[in-house]
């Protein structure tokens with residue numbers, strides 16, 4: 001199953017009821033593109049990739065966003081819904097600018113784990129959702145070839161655990177404190193905006209960058225996303 005079909009299936013299964021709540025679509029900022037982030041005062045920007053920072057699964061960074069991303073690199077993190085293989089491509093593309101993360105569940109473990117690359121270096125953090133804390137278990141899970149063959153579940157936005165685990169990690173590493181102002185930034189209501197609201201942080205919706213770079217079925221889903229999200233977020 002492709003990443004986007006898996007995302008839709010997981011969202012319907014786990015967050016169906018949240019899509020009918022007006023508060024799930026609250027938008028604090030409506031932005032033309034990510035360049036407008038430099039005018040906003042937040043301690044941490046949690047960024048979507050596809051059609052937010054670049055075209056869908058693009059192989060190059062967008063030149064017009066480069067200055068902004070470098071300006072906010074110390075207080076930004078990119079969070080992916082993609083597979084581990086795609087995450088490696090994202091690391092290669094953006095890893096010199098910001099941490100790259102995704103939340104998974106491994107065979108034999110109850111707690112989810114955040115896979116995180118900082119300056120290209122892998123870190124694995126066990127996340128306790130009840131306590132809202134992470135524990136660095138990188139040294140305990142060093143056999144990468146076996147480890148990533150053991151991923152049994154890829155958590156995807158709008159699951160708020162993803163955002164919460166990233167926040168907990170940034171507190172753990174000292175990038176932010178517990179009272180930090182945090183902004184989720186993305187182009188899709190059903191994933192990015194809903195995830196931010198469910199996690200209890202602010203949300204900014206950017207106008208999609210090259211939305212026609214999506215696959216045809218994703219373009220159709222995007223139209224529905226925009227229609228429903230625009231109406232719900234303005235009620």
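Coordinate-derived values only; no laboratory data. Since the structure is predicted, the reported quantities are computational estimates derived from the model, not experimental observations. Here the Cβ positions follow ideal geometry from the backbone for every residue, glycine too, while neighbour counts run over all protein chains shown.
Oblate is the label for the stretch 128-229. Its Cα gyration tensor axes, ordered a ≥ b ≥ c, give a/c of at least 1.5 and b/c at or above a/b. Using a Gaussian network model of the chain whose springs link C-alpha atoms within less than 10 Å, name the residue from 136, 48, 192 with the highest mean-square fluctuation. With Cα springs under 10 Å in the chain, the top fluctuation among 136, 48, 192 is at 136.
Would you work out if the chain is rounded, prolate or oblate? Take a ≥ b ≥ c from the square roots of the eigenvalues of the alpha-carbon gyration tensor; rounded if a/c is under 1.5, else prolate when a/b is larger than b/c, oblate otherwise. Rounded is the answer for the chain, as its axis ratio a/c remains below 1.5.
Highest mean first, how do 112-122, 73-83 rank when packing is the count of other Cβ atoms within 10 Å averaged over residues?
Details: 112-122: 18.1, 73-83: 21.2.
The densest-packed peptide leads the list: 73-83, 112-122.
Bridges between two residues of the chain, per DSSP, are antiparallel at a rate of about 50%.
Taking each DSSP H run with n ≥ 4 as -39500 (n - 2.57) and averaging over every residue of the chain yields -9500 deg cm²/dmol at 222 nm. DSSP beta bridges fully contained in the stretch 1-133 are about 65 percent antiparallel. Protection proxy ranking of 194-200, 31-37, 209-215, by the mean of other Cβ atoms within 10 Å over each peptide's residues and highest first, is 194-200, 31-37, 209-215.
Ranked by the mean number of other Cβ atoms within 10 Å of their residues, highest first, the peptides 157-165, 18-26 fall in the order 157-165, 18-26. For the chain, modelled as a GNM whose springs connect Cα atoms under 10 angstrom apart, the maximal fluctuation among 189, 42, 202 occurs at 42.
Judged by the ratio a/c of the largest to the smallest principal axis of the C-alpha gyration tensor, the stretch 6-94 counts as oblate, that ratio being 1.5 or greater while a/b is no larger than b/c.
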